[in-house]
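Below is one structure; the comments refer to it alone.
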2 protein chains.
Amino acid sequence: MASKAGTRLCVTYELACAERQAALRAREIAVEQTVELPEGTFGEEIEREVVGRVESIDAIRESCTRVIISYDARTVGGEIPQLLNLLFGNISLKKGIRIAAVDWPDALLREVPGPRWGVDGLRRLCRVESRRPLLCTALKPMGLSARQLADRCRDFARGGIDLIKDDHGLADQESARFEERVHRCVEAVVEAGGGSLYFPNITAGFSEIERRAELARQLGCRGVLISPLLVGADTVRRVVERHGLAVLAHPALAGAFFHPDHGIAPELLLGQIFRMLGSDGVIYPNAGGRFPFDEATCAAINANLRSPLGSLRPAFPVPAGGIDLARVPEWIRVYGPDTIFLIGGSLYAQRNLVEASRAFREAVTGAG
Amino acid sequence: MASKAGTRLCVTYELACAERQAALRAREIAVEQTVELPEGTFGEEIEREVVGRVESIDAIRESCTRVIISYDARTVGGEIPQLLNLLFGNISLKKGIRIAAVDWPDALLREVPGPRWGVDGLRRLCRVESRRPLLCTALKPMGLSARQLADRCRDFARGGIDLIKDDHGLADQESARFEERVHRCVEAVVEAGGGSLYFPNITAGFSEIERRAELARQLGCRGVLISPLLVGADTVRRVVERHGLAVLAHPALAGAFFHPDHGIAPELLLGQIFRMLGSDGVIYPNAGGRFPFDEATCAAINANLRSPLGSLRPAFPVPAGGIDLARVPEWIRVYGPDTIFLIGGSLYAQRNLVEASRAFREAVTGAG
């Protein structure tokens, strides 16, 4: 019904139990995630307005039952932390509950920021308006000096990489202080001809994030890297709204949620929630690399990042985590042009970073 | 060795593999969590200074091996988000890795805030300097008006509850706006005689947290409730350092990390890391309630919150999540006096909140 879609959040859970136990467990979830009180201690109005409503119960297989519970969008109140809390706050502490999908009400989608730049905006920032995938790499390792990292940045830029981001472990360690690193890397991409963008990692303590975002902007960066789960999911909104920067989101810690019978489905967390926070591109561990995502999961993440979702702009999928340069043309055929390919190790393994970057660029632009 | 303890972070992992596979997996973790590069693409100095060092490998049982890897504290650079990233950022996305314990170097412990108030400070705030446990309850449910919640707050205060906190799902929903709720609840505890403290939930978006912390302080609150994993772990530091408020930390989302063969041990995350962030009390789901923690886990959390840890103050364990009033004297014998007992449902089930609170108080003060 239109009115239901407009104001209620419909959450699909997979419960690790038989259908006959699912009604009781579903009711427990509906109560736990809202009023968190024993049955019989809240009145009818609270029951009607606040407690989750069990909408359906369907066996998937012997010990797995799909349950849909709907919640009034007003219980979220438009706030990202409370959204995460409603979805998985307390029930994270229970066994055998996995959130497979959410049907988002318009009322809630209107209150989240979504990508400020999105696919088209990031293409404009990179001056790549033809429909080819974007190329991305990571500056590393931690332990190099700001000058050494900037040298690598220059090589990548000369080789034609569109987006050069900090490794997500680069913070403000004494080996390469944030301010000097950003200053030198921005200088390096300018020296190389200016076709590339450098996105520093601003993942940091609460007080520092703002300072680093502002510094990055002042030094000429158009975007940044953030690990939302390390700094608080709503931080992305702040950086986007206050500083106007594009955001690449990194999935650090996200794997804690990705269990077959517990957590939040990757395509929901990385594909929809990270997009709703304001990420313009979302990094995830690609199938066939050194992390265990399969192709179906990656395809589902891609679909959720790009599909219509209220009036939110689409965001770029950024497959990463051990993509072999040799397989890039194949991945382009599978993932399509609205993709950012993030390749680090496979370039570093070739030593000459300019040539390695050119080969990567060739693989991407030649495959169109 | 003293020097190693002083500068290196020793992380104990349990790997879901046999001992013969563990050397390779340990090396992969040591590289993944630091330089994140293929073998052979970084030099000796980086290897020595930055890459984790595998210190020991010991079989626990056939398919579980304990591995200790040490990291230079400088890779953390004194920042909480990077600490979480070093511990579990990328490897969260891999299977069969659980962090069982960390041996913290002095260099790092000096850089984290730790509790500002701690056990003694929170006792002073509550004016309960005798060594009895503190009583805590939660205002709920979401959906009541600010006035209705304040009425409950007054009843709890009259009944002698030391700490009355918001339910962690109370944010700024239209049913009970933050400002009005805090105003009325502070007024209610004053009317009741002023022996109780009211801690509002300031878990909110990045821009809002500061405003709510400041508002809470201005309206007379001495402490607040925060869910660190919903807002970013370092937010606790900010609230403590800038606003001087005591912090009760809520474990929302934390259960994502608590798997037998994946994640971070509860006694490490809730008992040490939450304390290092600056929490004066840490709420966790007690054994025998409606969550699946066992008594050994609870005892380990309690021990980590209270034991010496650098020069950090001890923090209060706050067992919760379905504690039956009738069992309080028994829990006091097990957990000792430096405990905050958080009972919500078992009081609400009795309808007369003043009397229920008095019974709770009797159970605690009578048991000393």
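Ordered by packing density, taken as the mean number of other Cβ atoms within 10 Å over each peptide's residues, highest first, how do B:27-36, A:352-361, A:120-129 rank?
Details: B:27-36: 21.1, A:352-361: 18.3, A:120-129: 16.3.
Top to bottom by mean Cβ count within 10 Å: B:27-36, A:352-361, A:120-129.
Distant-in-sequence amide contacts of residue A:197, defined by a placed amide H-H separation under 5 Å and a gap of 5 or more residues or a different chain, comprise A:163, A:164.
Mind checking B:288-295 for the average number of partner chain beta-carbons within 10 Å of each residue's beta-carbon? Write down the numbers at each step before the final one.
Values: counts 0, 0, 7, 7, 3, 1, 0, 0.
That average works out to 2.
Entry for segment A:150-196 at q = 0.17, 0.22 Å⁻¹: log10 I(q)/I(0) = -0.45, -0.71, Debye formula applied to identical alpha-carbon scatterers, no solvent contribution. Shortest first, residue A:260 label-point distances to identical copies amount to 1.5 nm, with the label point at 7 Å from Cα along Cα→Cβ. Close amide H pairs (under 5 Å, H built 1.01 Å from N) link residue B:78 with no residue at least 5 positions away or on another chain.
Shown here are the Rg and Dmax of the Cα trace of segment B:243-368, at 14.9, 45 Å.
Backbone amide hydrogens, once placed in the peptide plane, bring residue A:320 within less than 5 Å of A:284, A:286, excluding anything fewer than 5 places away on its chain. Using just the C-alpha positions of segment B:177-263 as equal point scatterers, what log10 of I(q)/I(0) does the Debye formula give at each q in 0.13, 0.17 1/Å? Summing over Cα pairs of segment B:177-263 leads to -0.45, -0.69. For segment B:99-112, what does the Karplus curve 6.51 cos²θ - 1.76 cosθ + 1.60, with θ = phi - 60°, yield as ³J(HN,Hα) per residue in whole Hz, taken in order and with x for Gly and Pro? Here the 3J(HN,Hα) series is 8, 8, 6, 9, 9, 7, x, 3, 4, 7, 4, 6, 9, 9 Hz.
Taking 7 Å steps out from each Cα toward its Cβ at residue B:261 and residue B:296 produces label points 1.8 nm apart. Global dimensions of the protein assembly as shown from alpha-carbon coordinates: Rg and Dmax equal 25.3, 80 Å.
The residues of segment B:140-157 occluded by other protein chains by 40 Å² or more of accessible area, set against the chain on its own, are B:140, B:141, B:142; surface from heavy atoms, 1.4 Å probe. For the peptides B:61-74, A:57-70, the ranking by mean Cβ contacts within 10 Å, running from highest to lowest, is B:61-74, A:57-70. The apolar share of the surface of chain B, taken as the fraction of accessible area on carbon and sulfur atoms (1.4 Å probe, ligands and nucleic acids excluded), comes to 46 percent. Across the identical copies, the 7 Å label point of residue B:219, projected outward along Cα→Cβ, sits 4.1 nm from its counterparts, in ascending order. Here segment B:82-240 has an Rg and Dmax of 18.0, 54 Å, counting Cα atoms alone. The string of couplings for segment B:224-229 from the Karplus curve (6.51, -1.76, 1.60, θ = phi - 60°) is 9, 9, 9, 9, x, 7 Hz, one whole number per residue in order, with x for Gly and Pro. Chain B residue nearest the axis that carries B onto A, by Cβ, with distance in whole Å, is B:232, 1.
Which order, highest average first, do A:77-86, A:43-52 follow once you tally other Cβ atoms within 10 Å for each residue and take the mean per peptide? Don't skip to the end; give the middle numbers.
Numbers: A:77-86: 25.1, A:43-52: 15.8.
Descending mean neighbour count gives A:77-86, A:43-52.
Once the 1.4 Å probe is applied to the protein heavy atoms, the protein assembly as shown comes out at 35 Å² accessible per residue. Rounded to the nearest 20, the size of the Cβ-charge dipole of chain A about its Cα centre is 1120 debye, with Lys and Arg at +1 and Asp and Glu at -1. Shielding of peptide B:42-48 by partners, expressed as the average count of other chain Cβ atoms within 10 Å per residue Cβ, is 3.
Going from the alpha-carbon gyration tensor of segment A:42-124, what semi-axes, largest first and in whole Å, does one get by taking the root of 5 times each eigenvalue? Display every interim value, and only then the final one.
Numbers: eigenvalues 159, 77, 31 Å².
Ellipsoid half-lengths, sorted descending, are 28, 20, 12 Å.
Per residue Cα convex hull volume for chain B, in cubic angstrom?
Values: hull volume 51.0 nm³, N = 368.
Measuring per residue, one finds 139 Å³ for the Cα hull of chain B.
Averaged over the residues of A:165-176, the number of partner chain Cβ atoms lying within 10 Å of the residue Cβ comes to 5. One quarter of the surface of the convex hull around the alpha-carbon atoms of segment A:17-64 equals 3.4 nm², the direction-averaged projected area.
What total accessible area, in Å², is buried where chains B and A meet, using a 1.4 Å probe and rounding to the nearest 100? Working shown, then result.
Values: alone 15930 and 15940 Å², together 25530 Å².
Chains B and A together bury roughly 6300 Å² of accessible area.
Each copy carries residue A:330; placing its label point 7 Å along the C-beta direction from Cα gives inter-copy distances of 6.0 nm, listed from smallest up.
The values are calculated or read from the model by the stated rules, or taken from the named source; none is laboratory data. None of the values given here were measured: they were computed from a predicted structure. Counting neighbours? That spans all protein chains shown, and the Cβs are built from the backbone with ideal geometry, glycine included. Each accessible area value is taken on the protein alone, full model and side chains, heavy atoms only, with ligands, DNA and RNA left out. Shrake-Rupley method; radii C 1.70, N 1.55, O 1.52, S 1.80 Å.
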